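These notes concern the structure reproduced below.
The values are calculated or read from the model by the stated rules, or taken from the named source; none is laboratory data. Fair warning: this is a prediction, and the values are worked out from it, not measured in the lab. FYI the Cβ positions are ideal-geometry reconstructions off the backbone, even for glycines, and counts take in every protein chain you see.
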Amino acid sequence: MSLDSISHRALSVIPGGVNSGQRRVPGLEQLVITATRGATFTDSRGDTYTDYHAAFGPPLLGHNDPDVDAAVAEAAAHIDLMGVGVTQAEVELAEDLAALIPSVEKVLLTSTGSEATFHALRVSRAATGRRLVVKFQGCYHGWHDSVSMNVISAPERVGRVDPISTGILPEVLDATLVLPFNDSGAVRRAFAEHGADIAAVIVEPVQHNVGCVLPVDGFLQVLRDETTRAGAVLIFDEVITGFRHALGGWQSICGVTPDLTTVGKAIANGYPIAAIGGRADLMDTFSSAPGRPVFFAGTYNGHPAMVAAARACLRKLRNEPVHEHVFALGEQIRSGLEEVFSEAGVPASVAGYGSVFVAYFMDGPAPQTYTDLLRNDAAMFLGYRRALMRHRIFELPLNLKRSHVSYAHTAAHVDELLMASRAALREAIES
Ligand code: PMP
């Protein structure tokens with residue numbers, strides 16, 4: 001049976017042939033992945049791509065990092081899931097997270113970022129006795145109902161409820177207020193009108209689910225001020241920014257400390273583990289504490305092999321110049337792309353931070369609002385990324401998606417990327 005037939009077999013037993021919505025790329029032949037290594041992956045045709053998609057962000061150290069993988073193998077060899085009590089490694093990971101992330105006094109482990117944001121919202125509603133949650137257009141916080149709306153919205157859906165799924169009760173949709181990111185006035189107005197009913201504000205402090213929209217000066221502080229004044233909970237969803245931009249997350253860069261923080265992805269270089277942490281008084285209301293009312297559970301929470309992965313990953317992020325390396329390459333890529341686009345006479349807004357980059361096909365400075373992003377020429381954005389694939393460079397060909405560099409990428413990869421970009425841009429223009 002050829003590997004190519006796997007994509008056909010997949011379609012008959014797996015809805016859409018993939019196990020997560022955005023792994024199926026419209027207009028692209030289904031990829032069957034056979035191996036990953038360092039900065040690359042290989043498909044069933046034997047083609048090896050330099051990978052800037054990086055599975056939406058976890059493998060900051062590169063695929064199959066030998067130190068993380070060795071830690072997982074070692075843990076798996078002597079302990080697996082027991083479902084009672086705690087391990088020393090869980091305690092040490094919690095201590096590490098509390099020491100690294102400014103807002104974190106206590107921490108609970110989950111398997112995914114969605115679970116972490118789910119629990120953050122539940123505990124906020126429980127602690128405040130309030131109903132409403134505020135999220136921002138363009139932010140993604142996972143698949144659960146309270147936040148399943150207004151991520152990448154068509155222009156005509158901006159400014160109204162835009163669910164990403166059917167099957168969500170209207171009363172749940174009604175309990176989330178969607179506001180424009182970076183619009184302090186809109187936040188103040190929402191609090192003036194609904195403040196007494198707002199349980200939480202949840203935000204990606206840097207909007208990476210639409211590429212890279214940085215918070216404008218003062219915006220996150222306004223969220224802090226308004227939530228404090230109204231007695232609401234401020235949640236930074238640092239599932240992408242955590243560890244990737246700094247060991248202490250974006251909050252350690254911007255100096256605004258939320259009440260709760262969710263992390264995941266780069267915490268364990270690709271192994272499924274995430275966490276929710278924050279103020280001890282809020283965290284202590286979870287049912288993991290005796291007699292406390294906010295239900296918290298998960299069969300796989302704190303799985304020894306995943307905890308080992310996280311500890312090995314954090315150790316490496318601390319002990320090796322990972323951030324220095326990926327930040328330098330990210331900077332070279334962003335300035336290189338600006339040159340490539342300007343040489344080709346194609347308007348571009350190259351955005352990013354640290355290891356993250358994205359070239360929007362639009363003129364003007366880096367975007368600050370979702371409305372700015374609507375100017376991105378999606379057809380060119382996708383055409384360029386599909387052309388990059390012909391040069392064996394993989395940046396996910398879906399509109400507004402960000403790209404990542406890892407510790408396994410080198411200066412030679414950057415040269416290869418910029419050369420391929422030059423050619424891909426020409427091809428995208430001509431097609
Ligand atoms: N929050 C953010 C900011 C994310 O980007 C994601 C995943 N892309 C999630 C939460 C959900 O994480 P998971 O896919 O692990 O459930």
Quick test for you: out of Leu234, Leu260, Leu247, pick the one residue that is without any contact (Cβ under 8 Å) to a residue 60 or more places away in the chain and aliphatic (A, V, I, L, M). Leu234
Can you find, within the stretch 226-245, the residue that is farthest from the ligand (Cβ to nearest atom) among those that are aliphatic (A, V, I, L, M) and farther than 18 Å from Leu93 by Cβ? Ala230
Restricting to the stretch 259-282, give me the number of residues that are crowded, with 24+ Cβ neighbours inside 10 Å and either in contact with a Cys (Cβ under 8 Å, 6 or more places away or on another chain) or closer than 14 Å to Val107 by Cβ (or both). 16
Do you know which of the residues in the stretch 21-39 that are among the polar types (S, T, N, Q) and in contact with a helix residue (DSSP H, G or I) (Cβ under 9 Å, 6 or more places away or on another chain) is nearest to the ligand (Cβ to nearest atom)? Gln22
For Val222, which of the numbered conditions (1) more than 14 Å from the ligand (Cβ to nearest atom); (2) at positive phi; (3) not aromatic (Phe, Trp, Tyr) fails to hold? (2)
Taking the criterion of being in contact (Cβ under 8 Å) with a residue 60 or more places away in the chain and polar (S, T, N, Q), would at least one residue in the stretch 154-175 satisfy it? no
Within the stretch 246-262, residues being over 11 Å from the mean Cα position of the chain (by Cα) and either assigned to a helix (DSSP H, G or I) or within 16 Å of the ligand (Cβ to nearest atom) (or both) number 10
Got at least one residue in the stretch 187-201 being crowded, with 24+ Cβ neighbours inside 10 Å, closer than 18 Å to Gly159 by Cα and within 16 Å of the ligand (Cβ to nearest atom)? yes
Flagged in the stretch 151-160 as in contact with a Phe, Trp or Tyr (Cβ under 9 Å, 6 or more places away or on another chain) and either within 14 Å of the ligand (Cβ to nearest atom) or of a type in the set (A, V, I, L, M) (or both), in numbering order, are Val151, Ile152, Val158
Would you please name the residue that is nearest to the ligand (Cβ to nearest atom), looking only at residues in the stretch 161-178 that are in a loop (DSSP other than H, G, I, E, B) and more than 25 Å from Asp281 (Cβ to Cβ)? Ile164
If we ask which residues in the stretch 179-209 are part of a helix (DSSP H, G or I) and either of a type outside the set (D, E, K, R) or not assigned by TED's automatic domain parsing to the domain that holds Gly242 (or both), their number turns out to be 10
Need pairs with beta-carbon distance below 6 Å; first residue charged (D, E, K, R) and within the stretch 66-92, second in a helix (DSSP H, G or I); sequence gap 6+ or separate chains. Asp67/Ala312; Asp67/Lys316; Glu90/Val307
When residues of the stretch 53-102 are limited to those that are within 20 Å of His413 (Cα to Cα) and within 16 Å of the ligand (Cβ to nearest atom), the one surrounded by the most Cβ atoms within 10 Å (Cβ to Cβ): Ala54
For residues that are over 17 Å from Gly211 (Cβ atoms) and under 21 Å from the mean Cα position of the chain (by Cα), tally how many sit in the stretch 124-153. 11
Inside the stretch 381-399, can you point out the residues that are surrounded by 20 or more Cβ atoms within 10 Å (Cβ to Cβ) and touching a helix residue (DSSP H, G or I) at 6+ places or on another chain (Cβ under 6 Å)? Gly383, Tyr384, Ala387, Leu388, Ile393, Glu395, Pro397
When the stretch 371-385 is examined, which residues are found to be among the hydrophobic types (A, V, I, L, M, F, W, C) and in a helix (DSSP H, G or I)? Leu373, Ala378, Ala379, Met380, Phe381, Leu382
Against the condition within 16 Å of the ligand (Cβ to nearest atom) and without any contact (Cβ under 8 Å) to a residue 24 or more places away in the chain, how does Ser12 come out, does it pass? no
Six or more apart or on different chains, Cβ under 8 Å: which pairs go from a residue in the stretch 373-385 that's under 14 Å from Glu395 (Cα atoms) to one that's part of a loop (DSSP other than H, G, I, E, B) and among the small types (Gly, Ala, Ser)? Could you list them? Leu382/Gly27; Gly383/Ser431
Please indicate, with yes or no, whether at least one residue in the stretch 128-137 is farther than 19 Å from Ile198 by Cα and either away from the ligand (no atom under 14 Å from the Cβ) or touching a Cys at 6+ places or on another chain (Cβ under 7 Å) (or both). no
Do you know which of the residues in the stretch 104-117 that are away from the ligand (no atom under 16 Å from the Cβ) and in a loop (DSSP other than H, G, I, E, B) is nearest to Pro205 (Cα to Cα)? Val104
